[in-house]
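Worksheet for the structure shown next.
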Amino acid sequence: MINKIKALLQEVENMKAANAEELEALRIKYLSKKGEISALMNDFRNVAADQKREVGQFLNQLKETTQNKINELKESFDNVQTGNDDIDLTRTAYPVELGTRHPLSLVKKEICDIFGRLGFSIAEGPEIEDDWHVFSSLNFAEDHPARDMQDTFFIQHNPDVLLRTHTSSVQTRVMETQQPPIRIICPGRVYRNEAISYRAHCFFHQVEALYVDKNVSFADLKQALLFFAKEMFGPETKIRLRPSYFPFTEPSVEVDVSCFECHGKGCPLCKHTGWIEVLGGGVVNRKVLENCSIDPDEYSGFAFGIGIERIAMLKYGINNIGLMFENNLQFLKQFHE
């Protein structure tokens, strides 16, 4: 009987199964109530008393080895993934196209990268703001038209809370908590109560910049704007500064770039003037610095704001601002980094 047990033990050690069905058949063959090992257990009663100890040890070894071998093969099947394991049965049968970045995201990233090379860091702030950070700290008079309900979304029953009309509110928050040198850009969404048309919307996106330090001059502003224009629209781009007025800068300018479509010759894009208006800025008003507890006799600075939609429309030849907010895939898939 010992020889028979040893033969079965050798057979079990060499046991193989190609799939779960074959493994189950082997388990039944050896470990079931009518299997080989159960039959040996029944024959064990007829073994001589002086041999029971030795035969019993071999039987236990056979049963334990068989069980371990079955478990080992079972684990190997559990660890093998079939070709269909990664199929999502809830997924549509149609091919899923890869998306592209939104044109506003592309332009925003490009603007941030350009000013990042000039040492500007990104600062962000809340879209729901208070009157002080949006208007009063920036030298807006109490009767300034921008405070009117026709231009600003105020929270009902609380005239001090509103949706920010520009990201300049982030600049004042930074100046209140940080002493110069300050060199930041503030990208974000802003809101104005305007009629929606092909060139205007009630919400849009801006990137505003602020640089405050000792001996910052208008010449620094001009060089920063020229660098931006050349990086964004091409190395041959020129800029033109026109006098303007903003409560938070003095002097203030509107900035035009030479038309990159006709190179100054005149075309529909530049309305046959050779120039395209792109942004506004100026030297930070002394009162703004004072409101933020910065000494205007020691520090000066410049600030300007860029409309991301404006740049995107110029850069990609988009003639309707509404296209950027409609989630039209035929429109959006045209843009790539």
In the stretch 234-259, which residues are closer than 23 Å to D113 by Cα and in contact (Cβ under 8 Å) with a residue 40 or more places away in the chain? V255
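Per-residue answers, yes or no, for (1) outside any helix (DSSP H, G or I); (2) more than 24 Å from C202 (Cα to Cα); (3) in contact with a helix residue (DSSP H, G or I) (Cβ under 7 Å, 6 or more places away or on another chain); (4) among the basic types (K, R):
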residue: K109; (1), (2), (3), (4): no, no, no, yes
residue: D113; (1), (2), (3), (4): no, yes, no, no
residue: L118; (1), (2), (3), (4): yes, yes, yes, no
residue: E124; (1), (2), (3), (4): yes, no, yes, no
residue: P159; (1), (2), (3), (4): yes, no, no, no
residue: V174; (1), (2), (3), (4): no, yes, no, no
Of (1) out of contact with any strand residue (DSSP E or B) (no Cβ under 6 Å at 6 or more places or on another chain); (2) modelled with pLDDT of 85 or more, H263 satisfies every one except (2)
Which of the helices (runs of 4 or more DSSP H) found entirely inside the stretch 222-337 contain at least 2 residues meeting this: surrounded by 18 or more Cβ atoms within 10 Å (Cβ to Cβ) and within 33 Å of the chain's Cα centre (by Cα)? 308-316
Quick one: E21 ticks every box in (1) closer than 26 Å to N3 by Cβ; (2) not in a loop (DSSP other than H, G, I, E, B) except a single one, so which number is it? (1)
For L62, indicate whether it is surrounded by 15 or more Cβ atoms within 10 Å (Cβ to Cβ), out of contact with any Ser or Thr (no Cβ under 7 Å at 6 or more places or on another chain) and either at pLDDT below 80 or in a helix (DSSP H, G or I) (or both). yes
Criterion first (touching a residue at least 60 places away in the same chain (Cβ under 8 Å), in the same structural domain as E129 (by TED's automatic domain parsing), in contact with a Lys or Arg (Cβ under 8 Å, 6 or more places away or on another chain) and surrounded by 14 or more Cβ atoms within 10 Å (Cβ to Cβ)) does V216 satisfy it? no
Among the residues of the stretch 175-206, which ones are of a type in the set (V, I, T) and buried (at least 19 other Cβ atoms within 10 Å of the Cβ)? I182, I184, I185, V190
Can you say whether I318 is within 19 Å of K108 (Cβ to Cβ) and out of contact with any Ser or Thr (no Cβ under 7 Å at 6 or more places or on another chain), as far as the supplied structure shows? yes
When the stretch 46-69 is examined, which residues are found to be closer than 28 Å to A17 by Cβ and in contact (Cβ under 8 Å) with a residue 12 or more places away in the chain? F58, L59, Q61, L62, K63, T65, T66, Q67, K69
Would you check which residues across the stretch 128-145 are in a helix (DSSP H, G or I), over 14 Å from V174 (Cβ atoms) and of a type outside the set (A, V, I, L, M) and list them? D131, W132, S136, P145
Scope the stretch 256-287; condition touching a Gly at 6+ places or on another chain (Cβ under 9 Å), over 19 Å from E309 (Cα atoms) and not hydroxyl-bearing (S, T, Y); matching residues: C262, H263, G264, K265, G266, C267, H272, G274, V283, V284
Give me the residue from the stretch 19-45 that is free of Cβ contacts under 8 Å to residues at least 40 places away in the same chain and basic (K, R) and, out of that set, surrounded by the most Cβ atoms within 10 Å (Cβ to Cβ). K29
All but one of (1) in a strand (DSSP E or B); (2) over 27 Å from A224 (Cα atoms) hold for E194, so report the exception by its number. (1)
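The values are calculated or read from the model by the stated rules, or taken from the named source; none is laboratory data. Worth saying up front: this structure is predicted, and the values here are computed from it rather than measured. Please note: Cβ atoms are built from the backbone with ideal geometry, for glycine as well, and neighbour counts cover all protein chains shown.
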